[in-house]
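The values are calculated or read from the model by the stated rules, or taken from the named source; none is laboratory data. Keep in mind that what you see is a predicted model, and the values were worked out from it rather than measured. Using ideal geometry, Cβ is built from the backbone for each residue, glycine included, and neighbour counts are taken over all protein chains shown. Side chains are part of the model used for accessible areas, which takes the heavy atoms of the whole protein and leaves out ligands, DNA and RNA. Shrake-Rupley method; radii C 1.70, N 1.55, O 1.52, S 1.80 Å.
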Amino acid sequence: MKLGIHVSNTRSAGGQIQVMLMMLSALHQANIDWEIFLISFQEEEELSKRFAKNNWKHVDVCQSLKLQPSPRVKVDNSDAIASFLRNELNLDLLLLPTWTDGAQNWGVPFIFTVHDIQHRLQPEFPEVSTGKELGASWRWREEFFSESISAARAVLVDSEEGKRNVLEYYDAFDEKVLTLPYTLPPDLIKEPSDKEIESVKRKFAL
């Protein structure tokens, strides 16, 4: 089994980063013998070091295909990326923990993650209701979610409420939408020492 995981945009994707780290940490600790490819469109040295294993490889697509990284590179070069992922890496499956525009055209079966669909539920939010072209962000999100959810082999959500939202608004059936509750990455969880507890008590006068 060859699994690709898209890990680009790790410093600008907000809460999506935490979901991605949760997934990577869980897979890293699971000791599965699949070949894991961390697929990026920019250098991700920190992630490569953090999740280093013999069967884990980091692949910078832009460097491999001699593409200039840009916000549109994943969409504008779909044919070249598809050929690379299918023929060079021979991926069986692609996991998309963060928004990945263009993946529906890469010819590799993929799992899509829906963090929320607030553009549908609360379209008055400024991030989707304002801007130079009024409504452009809303329309982009709606097209992106519609195409990605429809094309995905499976869709991950973090709650039963999230699943109900996806089933209500998009082209998906019950068995396709899987609930994966968010949790802290296992490697970040540790019991505080007595000294640390006392330090916090003093600091906040508890």
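What to note about this one:
- Where a residue in region 15-41 is open to solvent by 20 Å² or more (accessible area, probe 1.4 Å) and its partner, wherever it lies, is part of a helix (DSSP H, G or I), with Cβ under 6 Å and at least six apart: GLN29/PRO186
- Residue within region 122-132 that is part of a loop (DSSP other than H, G, I, E, B), surrounded by fewer than 19 Cβ atoms within 10 Å (Cβ to Cβ) and in contact (Cβ under 8 Å) with a residue 24 or more places away in the chain present: no
- For ASP194: the one exception among (1) more than 21 Å from the chain's Cα centre (by Cα); (2) open to solvent by less than 40 Å² (accessible area, probe 1.4 Å): (2)
- Residue in region 158-169 that is under 19 Å from ALA103 (Cβ atoms) and not hydroxyl-bearing (Ser, Thr, Tyr) present: yes
- Top-ranked residue in region 154-181 [being in contact with a helix residue (DSSP H, G or I) (Cβ under 6 Å, 6 or more places away or on another chain) and in a loop (DSSP other than H, G, I, E, B); ranked as surrounded by the fewest Cβ atoms within 10 Å (Cβ to Cβ)]: ASP171
- Any hit, region 140-152, residues being modelled with pLDDT of 90 or more and under 23 Å from ALA30 (Cβ atoms): yes
- Qualifying residue in region 109-119 (condition: exposed (fewer than 13 other Cβ atoms within 10 Å of the Cβ) and either closer than 23 Å to ASP79 by Cβ or not acidic (Asp, Glu) (or both)): no
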